[in-house]
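The values are calculated or read from the model by the stated rules, or taken from the named source; none is laboratory data. Just so it is clear, the model here is predicted, and its values are computed rather than measured. Cβ: placed from backbone, ideal geometry, glycine included. Neighbour counts: every protein chain shown.
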Amino acid sequence: MNIALVLAGGTGTRLGADTPKQYLKVKDKMIISYCLETFFSSKLIDAVCVVADPMWQEEIIDGIDNLVCKQEKDASTTNKFRGFSLPGANRQLSIYNGLTDILKFAGDDSAVIIHDAARPLLSHELIEACFKAYEGHDGAMPVLPMKDTVYMSEDGKVVSKLLKRETIFAGQSPEVFNLGKYYEATGALLPEKILSINGSTEPAIMAGLDIAIVDGDEMNFKITTKADLDRFERMVTE
């Protein structure tokens with residue numbers, strides 16, 4: 001069983017808007033709805049769960065209902081949504097809450113594919129590539145090569161050394177993991193270490209899991225700043 005876990009619990013403060021970025025509307029549709037539409041229409045996804053604050057859940061449901069109405073109303077589409085999980089104190093705790101709820105209906109040998117709601121341009125091709133890379137591994141994640149020369153600074157004031165650009169990658173979501181192994185790796189960080197986790201794959205690496213990488217997608221950018229939002233609006237309205 002392949003379950004999509006969409007993270008929509010963030011506040012989006014860096015964008016400077018009153019509404020969290022994932023709930024802003026672009027072309028009469030919330031940003032989160034774009035990736036949900038992709039997951040709902042993917043033949044590789046059996047179930048979809050969302051981490052979201054209760055105050056936004058009704059709007060998300062309305063958006064899902066609209067998506068389903070536009071798609072063919074067969075069982076594979078209408079029965080995919082399995083409910084909400086509550087946000088945690090940080091991103092990884094939100095993931096842990098989602099994993100805990102998913103394990104109520106899915107087995108340890110299932111795969112969970114974790115995605116940021118603020119990455120609306122998720123493609124079917126990237127989902128397929130992630131699952132293909134996952135075969136024979138504990139997990140898989142899409143990455144982008146570094147284009148610029150990369151330096152490290154120990155104190156943030158002067159350059160300490162030049163890093164090998166060809167060995168450094170920028171991670172994206174969605175990330176695919178074996179559900180049971182990833183849940184155990186995340187739970188092992190409770191209660192304190194989990195608060196310092198920044199990336200979804202970090203607990204898997206810390207636990208020694210085998211994580212494959214696959215070519216990411218430049219179009220699969222995360223909406224973080226006003227410039228990102230403007231870029232996305234141009235892409236879907238032009």
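Filtering region 180-236 to residues that are under 19 Å from residue 3 (Cα atoms) and among the polar types (S, T, N, Q) leaves 186, 200, 201. Can you tell me which residues in region 116-154 are over 14 Å from the mean Cα position of the chain (by Cα) and of a type in the set (Asp, Glu)? Across region 116-154, the qualifying residues are 125, 128, 135, 138, 148, 154. Annotation for region 21-39: no member residue is in a loop (DSSP other than H, G, I, E, B), within 27 Å of residue 179 (Cα to Cα) and at pLDDT 95 or above. Taking residue 217, is it part of a helix (DSSP H, G or I) and not β-branched (Val, Ile, Thr)? No, not satisfied. Those residues that are touching a His at 6+ places or on another chain (Cβ under 9 Å) and crowded, with 22+ Cβ neighbours inside 10 Å, I need them from region 25-71; list them, please. If the condition is that a residue be touching a His at 6+ places or on another chain (Cβ under 9 Å) and crowded, with 22+ Cβ neighbours inside 10 Å, then 35, 39 are the ones that fit. When region 122-145 is limited to residues that are touching a Phe, Trp or Tyr at 6+ places or on another chain (Cβ under 7 Å) and within 14 Å of residue 216 (Cβ to Cβ), the one that is surrounded by the fewest Cβ atoms within 10 Å (Cβ to Cβ) turns out to be 145.
For first residues located in region 189-217 and over 14 Å from residue 96 (Cβ atoms), partners that are surrounded by fewer than 14 Cβ atoms within 10 Å (Cβ to Cβ) and of a type in the set (Asp, Glu) and lie 6+ apart or on another chain with Cβ distances below 8 Å form the pairs 217/125. The criterion of at least 2 residues that are of a type in the set (D, E, K, R) is met by none of the strands (runs of 3 or more DSSP E) wholly inside region 125-182.
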